[in-house]
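A short worksheet on the structure shown next.
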Amino acid sequence: MTGNQLPRAADAAHITEALSRSNLPLESRVREVVVESSRATILSRIIRLRLIYDHAAAGVPTSVILKTGLPERIRSGWKAGQQEVAFYSNVAAAMEQHLVPRCYDAHWDAATDNWHLLLEDLTDTHAIPTAWPLPPTTKQCEAIVETLARFHAAWWDDPRLGSSIGTWRDTAASERLLHDLTTHFTRFTERLGDALPRERRMLYQRFLAAFPSLLERYNTHRNVTLVHGDAHVWNIFLPRGDRDGPRLFDWDGWRIGIAASDLAYMMAVHWYPDRRRRLEHTLLD
């Protein structure tokens, strides 16, 4: 796929077939597909497609979102879409609550690393809370945390975790992670030298020393759930009105983990300390 060339997943026949498999009341075939917009992210291409049917049909989407890999990312061997395709194929398909965009088609080709998702278009009904890097309002933060809580609760200690849904990180993987963190920290401190304040250096050292004990809860395989893995506040659509709920999206980093990690990522990584002090206790409660 180069330039303006579209993948086969954007063909009218392919979309008709995908919608038919999604239990939609499809009494008319998609006759034409029109590109409404197209933009590239760091890892993918997002294309909004307007659908024109043979004749008027009720209960079917008039537009969809096609998410697919960037050619340069695919050629580099970055398997960016594999994890997200697995999420929509296995996790979203097993969920009763409507907390993520509906997926009509999800495919990843192991031989070529080509992938695509055909998703519900929420452009007219939902929007991200704010333009990055502006923080959301308190009310918006409450809606985001409530949605994360509902997702975490839906998968809390689910017996499918580690069997048909996700995999457990083994001891060797944890040791490699600690080794990588230590190596990066050493390079980081050597590069910064005296520019890194002593108290900051000691904070990192305390974290690395505590890392094995922080893994103990995870290693019990109890009180765990599925986590988003990239749960900043710009990876959720909030409804423009009151008729529908929020939708979490961008699931390339999902995994089995500790629910609090999503909240820590949302607040500690992306908020200034004064905002955290003002909001975090209320939101955590």
What helix-only [θ] at 222 nm does the chain give? Using -39500 (n - 2.57) per DSSP H run of at least 4, over all residues, to the nearest 500, the answer is -11000 deg cm²/dmol
Expressed as a percent, the accessible surface of the chain that is carbon or sulfur, using a 1.4 Å probe and the full set of protein chains, is 52
Could you pull out the trypsin sites (Lys or Arg not before Pro) across the range 178-253 that fall in loop regions by DSSP (anything but H, G, I, E, B) with no more than 14 other Cβ atoms inside 10 Å? ARG222, ARG240, ARG243
Given the options GLY69, GLY162, GLY241, which has the most mean-square fluctuation in a GNM of the chain, springs set between C-alpha atoms less than 10 angstrom apart? GLY241
Work out from phi, with θ = phi - 60° and the Karplus expression 6.51 cos²θ - 1.76 cosθ + 1.60, the ³J(HN,Hα) of each residue of the range 214-221, listed in order in whole Hz, and give x for Gly and Pro. 5, 7, 4, 5, 4, 5, 6, 6
Determine, from the Cβ-Cβ distance of ALA268 and ARG8 and an R0 of 51 Å, the FRET efficiency 1/(1 + (r/R0)^6), rounded to the nearest 0.05. 0.75
Enter the accessible area per residue of the chain (Å², integer; probe 1.4 Å; all protein chains in place). 58
So for the chain, taking the charge dipole from beta-carbon charges (+1 Lys/Arg, -1 Asp/Glu), which of ALA264, VAL91, ALA110 sits furthest toward the positive end? ALA264
With +1 on each Lys and Arg Cβ and -1 on each Asp and Glu Cβ, and nothing else charged, work out how big the dipole of the chain is about its Cα centre, in Debye to the nearest 20. 700
Show the residues, 5+ positions off or on another chain, whose built amide H is closer than 5 Å to the amide H of VAL100. LEU248
Can you give me the relative contact order of the range 139-285 as a percent, contacts being Cα pairs under 8 Å and 6 or more apart? 30
Tally Lys/Arg at +1 and Asp/Glu at -1 over every other residue whose Cβ is under 10 Å from the Cβ of GLU120; what's the total? +1
Backbone N within the range 8-39 under 18 Å of label point (7 Å from ASP54 Cα along the Cβ vector): 11-33
Counting only Cα, what are the radius of gyration and maximum Cα-Cα distance Dmax of the chain, in Å? 21.2, 70
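The values are calculated or read from the model by the stated rules, or taken from the named source; none is laboratory data. Everything numeric here is computed off the predicted structure, so don't read it as measured data. In this analysis, Cβ positions are derived from the backbone assuming ideal geometry, glycine residues included, and neighbour counts consider all displayed protein chains. SASA here: full protein model, heavy atoms, side chains in, ligands and nucleic acids out. Shrake-Rupley method; radii C 1.70, N 1.55, O 1.52, S 1.80 Å.
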